[in-house]
Amino acid sequence: NAGVTQTPKFQVLKTGQSMTLQCAQDMNHNSMYWYRQDPGMGLRLIYYSASEGTTDKGEVPNGYNVSRLNKREFSLRLESAAPSQTSVYFCASSGSSGVYNEQFFGPGTRLTVL
Amino acid sequence: GENVEQHPSTLSVQEGDSAVIKCTYSDSASNYFPWYKQELGKGPQLIIDIRSNVGEKKDQRIAVTLNKTAKHFSLHITETQPEDSAVYFCAAPPESTGFQKLVFGTGTRLLVSP
C-alpha cells in the first residue's frame, strides 16, 4: 500500500495564478483532511471531508476550495494564489468509524507564491 | 472552540537524557490525545495516543500522561537517541466537531545531541 500520496511535491506560483493540489489514499478511509503548516503555527485544518460527497470548512478555509472526487481522492484548489498562501500543505486520511482514528499523512506539497 | 497550547517550542538534550513536552487543552469534553512525530521533509506520524479513561500509557521509551482535571497531557521520552530528533505535535479533538477533527499544538522541535 502506498498510503497517502500527494502531487506535486514542490510548486512555485505567481500571485493570481491558480492550481490544484492532488491527494489520494488507498486505505479505504472515509475521512480526508487538508492542512497547512507554517513556522510556529503548527498544523491548521483547511477543509475536511467525512465521506464521499461531503466537505466541511476547517480553521482557515478562505482562499481555498476542495473536491471529494470519490472515496480515494480529495483535491485542494487555489483559485487566485496570494503570497500568504506560501506554506507546506499536507493531506491526511483516517478510518471510517468511531472517534479514535489515527490520521495518516502524506509527504506534503511545498508551495511558494511570489 | 478547542485551544491546544504546547511547550516548549524547542528542546535540546544530550543523548541518553530524558525529554518532556507538555500540552494543555481547553475543551473539557475532549477524550482522545495523540502525539505525532514529524521528521524532516516528511508528514507527521502517530507515535502514541491516550484516551480519557486512562492516566498513563507506555510504549518502550515513550510514555504519555494525562491529567483530565488540570486539562493537560505530556509526552515523555527516556534514554533519548539522535533519531528522536524531530518536531513533535500534540493534538485534541473538540466536541464541537463531533470529535472528528483534531486541533494541533504549535509543535516542539527536539534536538538530541550525541
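The values are calculated or read from the model by the stated rules, or taken from the named source; none is laboratory data. Predicted model only: the values in this text are computed from it and were never measured. Counting neighbours? That spans all protein chains shown, and the Cβs are built from the backbone with ideal geometry, glycine included.
Structure summary
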{"read-out": "Per-region count, region A:1-19, residues of a type outside the set (A, V, I, L, M, F, W, C), at pLDDT 95 or above and either part of a loop (DSSP other than H, G, I, E, B) or under 9 Å from residue A:81 (Cβ atoms) (or both)", "value": "7"}
{"read-out": "Matching entry among B:82, B:44, B:94 (being within 18 Å of residue A:59 (Cβ to Cβ) and at pLDDT 95 or above)", "value": "B:44"}
{"read-out": "Selection count where residues are surrounded by 14 or more Cβ atoms within 10 Å (Cβ to Cβ) and modelled with pLDDT of 95 or more, scope region B:49-59", "value": "0"}
{"read-out": "Residues located in region B:76-86, provided they are more than 17 Å from residue B:105 (Cβ to Cβ), surrounded by 14 or more Cβ atoms within 10 Å (Cβ to Cβ) and out of contact with any Leu (no Cβ under 7 Å at 6 or more places or on another chain)", "value": "B:78, B:80"}
{"read-out": "In region A:25-56, the residues that are away from chain B (no Cβ under 14 Å) and either among the charged types (D, E, K, R) or surrounded by 13 or more Cβ atoms within 10 Å (Cβ to Cβ) (or both)", "value": "A:26, A:52"}
{"read-out": "Failed criterion for residue B:73 (all others in (1) more than 14 Å from chain A (Cβ to nearest Cβ); (2) in a loop (DSSP other than H, G, I, E, B); (3) crowded, with 17+ Cβ neighbours inside 10 Å; (4) of a type outside the set (Val, Ile, Thr) hold)", "value": "(2)"}
{"read-out": "Restricting region B:37-48 to residues that are crowded, with 20+ Cβ neighbours inside 10 Å and facing another protein chain (nearest Cβ under 8 Å), the residue that is nearest to the chain's Cα centre (by Cα)", "value": "B:44"}
{"read-out": "Residue B:32 vs. criteria touching a residue at least 60 places away in the same chain (Cβ under 8 Å) and either surrounded by fewer than 18 Cβ atoms within 10 Å (Cβ to Cβ) or in contact with a Pro (Cβ under 8 Å, 6 or more places away or on another chain) (or both)", "value": "yes"}
{"read-out": "Of all residues making up region B:79-104, the number that are part of a helix (DSSP H, G or I) and either more than 10 Å from chain A (Cβ to nearest Cβ) or among the charged types (D, E, K, R) (or both)", "value": "5"}
